[in-house]
Every structure is written in structure tokens, then in C-alpha cells.
1. Restricting to the stretch 150-183, what's the tally of residues that are in a strand (DSSP E or B) and at pLDDT 90 or above?
2. Considering only residues that are surrounded by fewer than 19 Cβ atoms within 10 Å (Cβ to Cβ), under 22 Å from Asp196 (Cα atoms) and not hydroxyl-bearing (Ser, Thr, Tyr), which ones fall in the stretch 232-260?
3. Answer yes or no as to whether Asp199 is closer than 19 Å to Gly53 by Cβ, of a type in the set (Asp, Glu) and assigned to a helix (DSSP H, G or I).
4. Do we have Thr291 as more than 19 Å from Pro173 (Cα to Cα), β-branched (Val, Ile, Thr) and modelled with pLDDT under 95 here?
5. Is there any pair with a first residue in the stretch 181-193 that is farther than 14 Å from Asp234 by Cα and a second that is in a helix (DSSP H, G or I) and not aromatic (Phe, Trp, Tyr) whose Cβ atoms are under 6 Å apart and which are 6 or more apart or on different chains, and what are they?
6. Could you list all residues from the stretch 272-293 that are outside any loop (DSSP other than H, G, I, E, B) and not β-branched (Val, Ile, Thr)?
7. Within the stretch 267-282, which residues are farther than 15 Å from Gln189 by Cα and surrounded by fewer than 20 Cβ atoms within 10 Å (Cβ to Cβ)?
8. May I ask you to list the residues in the stretch 259-271 that are within 14 Å of Phe51 (Cβ to Cβ) and assigned to a loop (DSSP other than H, G, I, E, B)?
Amino acid sequence: MGLAAGDILGQVLFNPDLIRIEVCMKSFLMSLMIALTCLSLFAATAEAKRFGGGGSFGKQRTMAPQQAPAAAPAPAPAPGGNRWLGPLAGLALGAGLGAMFAGGGMGAAMGGILMAVLAGVAVMFLISLFRQKRQAVQYAGTGAPYHQPQQAQQPLYGSGVTPATNNIPADFPVETFLRSAKTSFIRLQAANDRKDLNDIREYTTPEMFAEISMQLQERDNAPQKTDVIAIKADLLQVIDEGDLAVASVRFTCQLSENNGAPENVDEIWHVQKSLHDEKSVWLLAGIQQITLH
């Protein structure tokens, strides 16, 4: 007369096809959750960064290699292993164990782990590609092209001034200038942390301000805290570029971002001011990362 209700229920509950479908759905949903979590972690890391984001943009120069400053801050101990491998592996393992305890068995657990790892790798690749495209976009500078050799420099502060060996005028107030440069560096880090566009505008050219504003918009509401632990500034050159005086300052420092471990920073800031306006001030026109080979 037909199967009993209990037999029908048993066939439904223990149907191998239904069990496989359930396991696959659980693995897929778990992998999707992990991918979204990884994406949010990477997005926060890409958006919340120190002033300039650690990239090169704005005015750039090709200069002779400089020796590393003797008083540079000591390197901070590097954390062992890849900083992202730990969280990613933990999430993937959690997904596998979750599938195992849900009844999927060892084979389903391994499938869940593999799917989670592949999803994480895909997210990492997309974020890396996005960063490379952003760093490739640079504003063109003013004056002579930077890849061409510089012309003979003219005195910046009146006739008869003999430039120093490093293209720095002999009467240039180096110590005062560098002290002000370090103060500006620290102040701009703080302004970047609190997204103070008015303060940033006072220290940057219109092109640099536009780039920094875009970075802050992309950061959205991600918090940022930058602590300058140690800082050293070296004046590399001061040159005449048309109607502008351009000074290049190398900052070698240690920074801590969002209460993290100290990291070494080595970059050049190019600042400029008008030669014909006595009231003009130095404005940041470019940031250039140091690449040592």
C-alpha cells in the first residue's frame, strides 16, 4: 500500500545525491564568506595608509645614487612569514573544519579548503593589480623633462652666489630649511590621518592636492593613525627650474601605522616655490620612493 512515512523520510534524509548537494552548497557559501572577508581586509589595508600612500607621484627626478645616511634609524625587526598568510590560512582551515563537522566528511573538507584558498588568492591578485595600476598613474611635472640631464644651474639668491658641490647654494639656510621640512612632514602625516584637506592644501601644489584628495576619498571611513618614531632629513639639491626654485629632501624615518610594528620609510619630497614672489612659500610638488639595487 505504499511506504510508511518514516521510510519516506529516511530515504529523503539519507539520499546520497541530496547530501552531496548540501555539502557543495555549504562549501560554496563558506568560500564566498571567506573571499568577502579577505576582500574587506585587503581593501582596508590598501586605503588606510600614511600620507602619500607609500607611492611615487607628482614631480619626479633622476638623480645620481646617494649613499645611505649614516644616522638612519635602525631597521625594525621584520615579522616572520607573510603577514597575510596567517589570517588566510586560518580562515581556510576554519572553512574546512566547518564542512567536516557539518557532515561533509574529509573529502568535502579538503574541497572546501581548496576553494577557500583559491578564492583568497584571486582576491590577492586583484588587489595587487589595482595597486600597480594606481602607482603607474603620475602627474607630469613642470619645467624640463626629468629624464633629461639638467642644464647648468643659475644662482637662486642673487648674482655671485656659488653653488655648493651638491647643487646647493652656499648661502642656503640648510639647517633651518631641514628643520621646517621635518616639521612639515610630521604635520602632513597628522593632517592625512584626520583627513584635514584645508591643512593639506596649504602645503601642496594643486596637482599634489588633487592626488591626495583622491586618496582620502578612496580611503572612505577607514581609520588611520601614523606615528613618526624617528626622522632624518637630508637636502639633496636646490636648483633653478624656470621661474621656480626646486628643493629635493630625502626623508629616512621609522613610522608606525595603526599601532603596528615600526616600518622603515625612505623617500624624497620635491618642494618648489616661486623665484619672483617674495611671499611665496615652499609647496610639496612630488613624492618619490627610494629604490635601492
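The values are calculated or read from the model by the stated rules, or taken from the named source; none is laboratory data. This structure is a prediction, so every number in the text was calculated from the model and none was measured. Note that each Cβ is placed from the backbone with ideal geometry, even for glycine, and that neighbours are counted across all protein chains shown.
1. If we filter the stretch 150-183 for residues that are in a strand (DSSP E or B), which is where we start, we get 163, 169.
From what's left, at pLDDT 90 or above: 169.
Residues meeting the conditions: 1.
2. Across the stretch 232-260, the qualifying residues are Asn258, Asn259.
3. Yes; evaluated as a whole, the condition is true for this residue.
4. Judged against the criteria, Thr291 is a match.
5. Partner pairs satisfying both residue conditions: Ala191/Asp199; Ala191/Ile200.
6. Gln272, Lys273, Ser274, Leu283, Leu284, Ala285, Gly286, Gln288, Gln289
7. Lys273, Ser274, Leu275, His276, Asp277, Glu278, Lys279, Ser280, Val281, Trp282
8. Hits for the stretch 259-271: nothing passes.
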